[in-house]
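Participant: Please see the structure below; I have some questions.
The values are calculated or read from the model by the stated rules, or taken from the named source; none is laboratory data. Predicted model, so just to flag it, every value in this text is computed and none were measured. Methodologically, a virtual Cβ is constructed for each residue, glycine included, from the backbone with ideal geometry; neighbour enumeration extends over all protein chains shown.
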Amino acid sequence: MRITRVRTADFRNLAFADVDTNAPRVFLVGQNGQGKTNLIEAAGLVTTLRSFRTTEIEPLVRTGTTEAKVRIDVEIQRKENCSVEVTLMKGSRRATIDGNPTKSASELIGRFPTVAFCSEDLRLVRGSPSNRRRWLDLALSATDADYLMAARGYAKALEGRNLLLRSGRATDAELEAFERTMLPLACTLVRTRRSALLELNVSLNEVCEVAGFSALGSIAYEHNIEEDALAENWSLSRGVDRATETTRHGPHRDDFAIRFSGQPAADYASEGQQRLLVLALCLAQLRRTTQRASTPPVILADDVLGELDGERRTAFWACVGEKHQILATGTTLPAKGEWRVYNVDKGQYTGTK
């Protein structure tokens, strides 16, 4: 797949942008805070209508306006061209494909895959479980419509159960009604995460070996509650959940461990080793997405290429190969390679070649 053009109106700090990205490699260069990341974030909406930077819609709409619009033109293996238009308003996301409204974001799943590589991904090692859950949810939702719908449905039912708990009037019958809705969705999340993390761990080891990053990295699922124990756990925990006014157990508390030499990477790996582990994990995600999507995903590389030394950069390109389009950002140009370059200054994009 190739993203050939990105147009935005009132998205983030961009009053208007229209950037021709019809090239194998596109690089946006400029100082921080000028709008480089905003453009590739807009491009990434084509996958699931979700930002790789935030779960909220409000930050995506330019201050002082009520809605943001993004249009992404896509070429799929030089056989099919289409346009996806996304409208973002408070509490609402809408999309059309070639002018035809989509009923659900699941209609986009697998059709327009992207994989984001971000400098902020270091939080996967150092950050909270919520950072890792969000990364995993985005990775799996890119190619699995059932997972995306289960994640959304579970989040909505969980919110309803928590609102009921906070009301102080939650009866067992009312809580059980929410639990019946949550249970099959939770089981889908747990089973898919377990399977996916096993696959990602295998790919992680392969990437580490090929790229020479570190053959000692691994990941492992840390589920909060096994799916066959969820119903009983929720039933037995109602009293404590009423007291704490929240649902304390379920897949919304899941995590996965990132290890180095068999030990927690956050404690035993240097900052440089942590960066390489995260990069290897993102490359493992790229492999998995490529295997499942109908077209090679576009890579959105946000300020990561400049952090690699020559040897690691060579290894990165060896793992990526030539079949993926890359939209990248940075404060300095890449040392090598043929790029279509845009200078970015205050939300303005000026082509240099």
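Participant: So which residues in the stretch 95-123 are more than 19 Å from the chain's Cα centre (by Cα), over 19 Å from Ala151 (Cβ atoms) and not polar (S, T, N, Q), if there are any at all? Please lay out each step first, then the result.
Facilitator: Let us first name the residues in the stretch 95-123 that are more than 19 Å from the chain's Cα centre (by Cα), namely 96-103.
Still in the list and also over 19 Å from Ala151 (Cβ atoms): 96-101.
Scanning the stretch 95-123 gives Ile97, Asp98, Gly99, Pro101.
Participant: What pairs come up if the first residue lies in the stretch 88-115 and is in contact (Cβ under 8 Å) with a residue 40 or more places away in the chain and among the β-branched types (Val, Ile, Thr), the second is surrounded by 16 or more Cβ atoms within 10 Å (Cβ to Cβ) and part of a strand (DSSP E or B), and their beta carbons are under 9 Å apart, counting only those six or more places apart or on different chains?
Facilitator: Between residues of the stretch 88-115 that are in contact (Cβ under 8 Å) with a residue 40 or more places away in the chain and among the β-branched types (Val, Ile, Thr) and residues that are surrounded by 16 or more Cβ atoms within 10 Å (Cβ to Cβ) and part of a strand (DSSP E or B), the close pairs are Thr114/Ile3; Thr114/Val298; Thr114/Ile299; Thr114/Leu300; Thr114/Leu327; Val115/Val298; Val115/Ile299; Val115/Leu300.
Participant: Can you tell me which residue among Arg111, Arg94, Arg78, Arg123 is buried (at least 17 other Cβ atoms within 10 Å of the Cβ) and basic (Lys, Arg)?
Facilitator: Values: Arg94 fails: buried (at least 17 other Cβ atoms within 10 Å of the Cβ); Arg78 fails: buried (at least 17 other Cβ atoms within 10 Å of the Cβ); Arg123 fails: buried (at least 17 other Cβ atoms within 10 Å of the Cβ).
Sole residue among the options that is buried (at least 17 other Cβ atoms within 10 Å of the Cβ) and basic (Lys, Arg): Arg111.
Participant: Moving to a separate point now. Give the residues of the stretch 198-256 that are assigned to a loop (DSSP other than H, G, I, E, B), in contact with an Asp or Glu (Cβ under 9 Å, 6 or more places away or on another chain) and polar (S, T, N, Q), sorted by residue number.
Facilitator: Asn224, Thr247
Participant: Is it true that some residue in the stretch 233-255 is more than 24 Å from Tyr342 (Cβ to Cβ), touching a strand residue (DSSP E or B) at 6+ places or on another chain (Cβ under 8 Å) and of a type outside the set (S, T, N, Q)? Walk me through how you get there before you give the answer.
Facilitator: Of the stretch 233-255, the ones more than 24 Å from Tyr342 (Cβ to Cβ) are 233-255.
Now drop any that are not touching a strand residue (DSSP E or B) at 6+ places or on another chain (Cβ under 8 Å), which leaves 254-255.
Then keep just the ones that are of a type outside the set (S, T, N, Q); that gives 254-255.
The answer is yes, given that some residue of the stretch 233-255 is more than 24 Å from Tyr342 (Cβ to Cβ), touching a strand residue (DSSP E or B) at 6+ places or on another chain (Cβ under 8 Å) and of a type outside the set (S, T, N, Q).
Participant: What are the residue pairs meeting all of these: first residue in the stretch 241-265, first residue closer than 14 Å to Ser130 by Cα and at pLDDT 95 or above, second residue surrounded by fewer than 16 Cβ atoms within 10 Å (Cβ to Cβ) and among the charged types (D, E, K, R), Cβ atoms under 6 Å, and 6 or more apart or on different chains?
Facilitator: Cβ pairs passing all conditions: Asp255/Glu222; Phe256/Glu222; Ala257/Glu222.
Participant: I need the full set of residues from the stretch 134-160 which are acidic (Asp, Glu) and part of a helix (DSSP H, G or I), in order please. Give the derivation first.
Facilitator: Applying the first criterion (acidic (Asp, Glu)) to the stretch 134-160 yields 137, 144, 146, 159.
Correct list: Asp137, Asp146, Glu159.
Participant: Something else now. For Arg259, are the conditions met, namely being in contact with a helix residue (DSSP H, G or I) (Cβ under 9 Å, 6 or more places away or on another chain), assigned to a helix (DSSP H, G or I) and charged (D, E, K, R)? Steps first, answer last, please.
Facilitator: Details: in contact with a helix residue (DSSP H, G or I) (Cβ under 9 Å, 6 or more places away or on another chain): yes; assigned to a helix (DSSP H, G or I): no; charged (D, E, K, R): yes.
Against the criterion (in contact with a helix residue (DSSP H, G or I) (Cβ under 9 Å, 6 or more places away or on another chain), assigned to a helix (DSSP H, G or I) and charged (D, E, K, R)), Arg259 does not qualify.
Participant: Give the stretch 319-353 a look and list any residue that's among the aliphatic types (A, V, I, L, M) and assigned to a loop (DSSP other than H, G, I, E, B), or say none. Break it down stepwise before answering.
Facilitator: Here is the first cut: in the stretch 319-353, the ones among the aliphatic types (A, V, I, L, M) are 320, 326-328, 333, 335, 341, 344.
Selection gives Leu333, Ala335.
Participant: Follow-up question, since we're still on this one. Checking the structure you have, find out if any residue of the stretch 154-177 is more than 18 Å from the chain's Cα centre (by Cα), without any contact (Cβ under 8 Å) to a residue 60 or more places away in the chain and more than 19 Å from Arg242 (Cβ to Cβ).
Facilitator: There is at least one residue in the stretch 154-177 that is more than 18 Å from the chain's Cα centre (by Cα), without any contact (Cβ under 8 Å) to a residue 60 or more places away in the chain and more than 19 Å from Arg242 (Cβ to Cβ).
Participant: If a residue has to be out of contact with any Phe, Trp or Tyr (no Cβ under 8 Å at 6 or more places or on another chain), surrounded by 14 or more Cβ atoms within 10 Å (Cβ to Cβ), hydroxyl-bearing (Ser, Thr, Tyr) and closer than 26 Å to Asn205 by Cα to count, how many in the stretch 219-275 make the cut?
Facilitator: 0
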